[in-house]
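J.: Sharing a structure, written as structure tokens. Questions coming.
Read the figures in this text as sums done on the coordinates, not as results from a lab. Since the structure is predicted, the reported quantities are computational estimates derived from the model, not experimental observations. A quick note on method: Cβ atoms are made from the backbone with ideal geometry, for glycine too, and the neighbour counts reach across all protein chains shown.
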Amino acid sequence: MAFTRKNVWELGGDWADPILWYARGVKAMKARPLNDPTSWRFYAAIHGLDQGLWQQLGYLNQQDRPPSQADIATYWNQCQHGSWYFLPWHRGYLLALEAVVRDAIVTLNGPADWALPYWNYFKPNQDRLPIAFGSPDWPDGTGDNPLFVVQRYGPNNDGNITIPVDAIDLTALADPDFTGSDQGGSPGFGGVNSGFSHSGTVHGGIETQPHDAVHSLVGGGDPQSGLPGLMSDPDTAGLDPIFWLHHANIDRLWQVWRQNPATDVDPSDANWVNGPEAVGERVFRLPMPGGIGWSYTPGQMSDLTKLGYNYDDLSAPTAAPQMTARLQRFGLTSDAADALARSTAMQRPRSVELVGATQESLRLSGTETTAAVTLDPAVRRKAVASFAVTGASTTAPDRVFLNLENVRGLNDATAFKVYVNLPDGAEPAQHPDNLAGTIALFGVRKASVADDQHAGDGLTFVLEITHVVDKLHLSGAFNADQLHVRLVPLHPVPEAAQISIGRISVFRQNP
Ligand SMILES: [Cu+2]
């Protein structure tokens, strides 16, 4: 049987059948004890578990019997972040959860073709949390709706869950590479080459946006206790039933990216295809219905047809390929722009070079933080020279990336906008052209702690600022030896969150 995952807002009602059956399936999983590998909490702990946080939030108590040590070692704390395994690991995680929910649904005499819906917050009027998830009641008015979560605070921490359209983007879809650089250039659509990476440092393109942002925007934080919403922290995110609809959308976007003829294919590197097991690291393994273990590799996750499911909509949301439009702005005819974009998209290797960086680490607190990035004039001139394309050019102009390196802190719900070269005294919202992107610190708490598996390096985010630099260049303003960066949090950041940034750097990449 082939399964079709459909848009949750277009199923035909707030409590359309697939949503109602999802709720019943979740209820059945929630009724199972923690040590049952097909229980709701066991499944959330596969993504990540922090005992203290679970206890504080009321998701773990004295009566719970933990699973066996063997089950914990095999299954828990497995999610892949800051890694080229981010997409394939989560695809397997969705497939297994979907199979367990479907099994529960079938046991209740529900539809055998049930599939997980997805939440496409980019569509007009679909940026709100789907109605059934926001009501404490079932459709008949009785309480205890299993899709409802108290610890979901939203972008304004007031319980109103709407994804602001200007806080998410799909820039990553235009990235031609699946795997990118962990040296300052594009981290790629899918992330950087890593081993088993439960809490990696450099977040990939689609992971940073929209994945991380939606997590923090939905989850937010409790204004009273300061505790994160479930979705804001990887150690609690899987407890929220909306997690799975968000990840189904990220999974869908992977397929959208794969269908773009201007982009590359999934990695052929054996370490990606065969996964961490091939190099002696932890196996990707998940419990299927009945608690039977299923192991999988990233290579097995590439082809939706082989996996037996699809999406009802895989249309690409962006029109013209970014590079073609860019070359036209630099004066090429559309034919010449198209030809150069095509001929350089798959050129290898990519070379990456530091243009400049801040001299000291900085603290993000209050309503904004500014920093000056000092550029090396000679390297900056190389970038400028690369912008001078003609119809005869065989080399594409540089792409430029802003790196926020080693971001550390205690509060995963922190989100902020990053602006480059805003005019003095300008109101940031009036200058969308200077917006590099929105960063959300999903995973920062965990990544900041040094333990036996992690160095505590924090998180590194890479934002493409080619569009900002191009505009400066075309107006003759990319000639100074500093770039000014302004970080504008969505909410004032308390000192207690201890958010620090190791350095802010700018890199050029060619092609
Ligand atoms: Cu996630």
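J.: What area, in nm² and to one decimal, does the C-alpha convex hull of segment 337-421 cast on average over all directions?
T.: Values: hull surface 32.5 nm².
Mean projected area of the Cα convex hull: 8.1 nm².
J.: How would ILE168, ILE131 line up from fewest to most surrounding beta-carbon atoms within 10 angstrom? Mind dumping the intermediate values first?
T.: On the way: ILE168 20, ILE131 15.
Fewest-to-most ranking of ILE168, ILE131: ILE131, ILE168.
J.: Whole angstrom only: what separates the Cα centroid of segment 81-160 from the Cα centroid of segment 172-249?
T.: Using only Cα atoms to place each centre, the spacing works out to 17 Å.
J.: If you take the Cα Rg of the chain and divide it by 2.2 N^0.38 Å, with N the number of residues, what do you get?
T.: Details: Rg = 22.7 Å, N = 511, 2.2 N^0.38 = 23.5 Å.
The chain yields a ratio of 0.96.
J.: Then there's this: Between THR107 and GLN259, what is the FRET efficiency for a Förster distance of 35 Å, r being their Cβ-Cβ separation, to the nearest 0.05?
T.: Numbers: r = 36 Å, r/R0 = 1.03.
It comes out at approximately 0.45.
J.: Please report, largest first and rounded to whole Å, the three semi-axes of the ellipsoid equivalent to segment 393-490, where each semi-axis is the square root of five times an eigenvalue of the C-alpha gyration tensor. Numbers along the way, then the final one.
T.: Numbers: eigenvalues 176, 63, 20 Å².
Gyration-tensor ellipsoid for segment 393-490: 30, 18, 10 Å.
J.: Compute the long axis of helix 242-258 from its Cα atoms, compare it with the longest principal axis of the Cα atoms of the chain, and write down the angle in degrees, 0 to 90, nearest 10.
T.: 50 degrees
J.: Sticking with this structure for a sec: Subtracting the Cα-Cα distance from 0.36 nm times the residue separation, let me have the gained length for ASP312 to ASN61 in nm, one decimal.
T.: Gain in length upon complete extension: 86.3 nm.
J.: For the pairs LYS306/LYS446; LYS123/LYS471; LYS27/LYS417, flag any whose C-alpha to C-alpha distance is greater than 31 Å.
T.: Numbers: LYS306/LYS446 35 Å; LYS123/LYS471 28 Å; LYS27/LYS417 38 Å.
The answer is LYS306/LYS446; LYS27/LYS417.
J.: Under the rule of -39500 (n - 2.57) per DSSP H run of 4 or more residues, summed and divided by the residues of the chain, what mean residue ellipticity at 222 nm is obtained, to the nearest 500 deg cm²/dmol? Walk me through the numbers on the way to the answer.
T.: Values: 15 runs with 137 residues, N = 511.
-7500 deg cm²/dmol, from helical runs alone.
J.: Further question on the same structure: In a Debye calculation with equal point scatterers on the alpha-carbon sites of segment 26-122 and no solvent, what is log10 I(q)/I(0) at q = 0.20 Å⁻¹?
T.: Ignoring solvent entirely, the Cα scatterers give -1.13.
J.: Relative contact order for the chain using alpha-carbon pairs under 8 Å, separation at least 6, rounded to a whole percent?
T.: Numbers: 1090 pairs, mean separation 90.8, N = 511.
The normalised contact order for the chain reaches 18 percent.
J.: So what is Rg over Rh here for segment 297-394, counting just Cα atoms and using Kirkwood for Rh?
T.: Values: Rg = 20.6 Å, Rh = 18.3 Å.
The Rg/Rh ratio comes out at 1.12.
J.: So how strong a dipole does segment 349-510 carry about its Cα centre when Lys and Arg Cβ are +1 and Asp and Glu Cβ are -1, to the nearest 20 debye? Working shown, then result.
T.: Working: 14 positive and 17 negative charges, 60 e Å.
Roughly 280 debye for segment 349-510.
J.: DSSP beta bridges in segment 3-311, what fraction antiparallel, as a percent rounded to 5? Let's see the in-between values first.
T.: Values: 7 of 13 bridges.
Bridges in segment 3-311 are about 55 percent antiparallel.
J.: What list of ³J(HN,Hα) couplings, whole Hz, do you get for segment 72-87 from phi and the Karplus terms 6.51, -1.76, 1.60, once you set θ to phi - 60° and write x for glycine and proline?
T.: Once rounded to whole Hz, the list reads 4, 5, 6, 10, 7, 6, 10, 4, 9, 10, x, 7, 6, 8, 3, 5.
J.: Let me ask another. Relative to the Cα centre, what is the charge dipole magnitude of the chain, using +1 at the beta carbon of each Lys and Arg, -1 at the beta carbon of each Asp and Glu, and rounding to the nearest 20 debye? Don't skip to the answer; put the middle values down first.
T.: Numbers: 36 positive and 54 negative charges, 108 e Å.
That gives the chain a dipole magnitude of about 520 debye.
J.: Which order do the peptides 81-93, 45-57, 387-399, 462-474 take when ranked by the mean count of other beta-carbon atoms within 10 Å per residue, highest first?
T.: On the way: 81-93: 26.1, 45-57: 18.5, 387-399: 16.3, 462-474: 21.3.
Packing order, densest peptide first, comes out as 81-93, 462-474, 45-57, 387-399.
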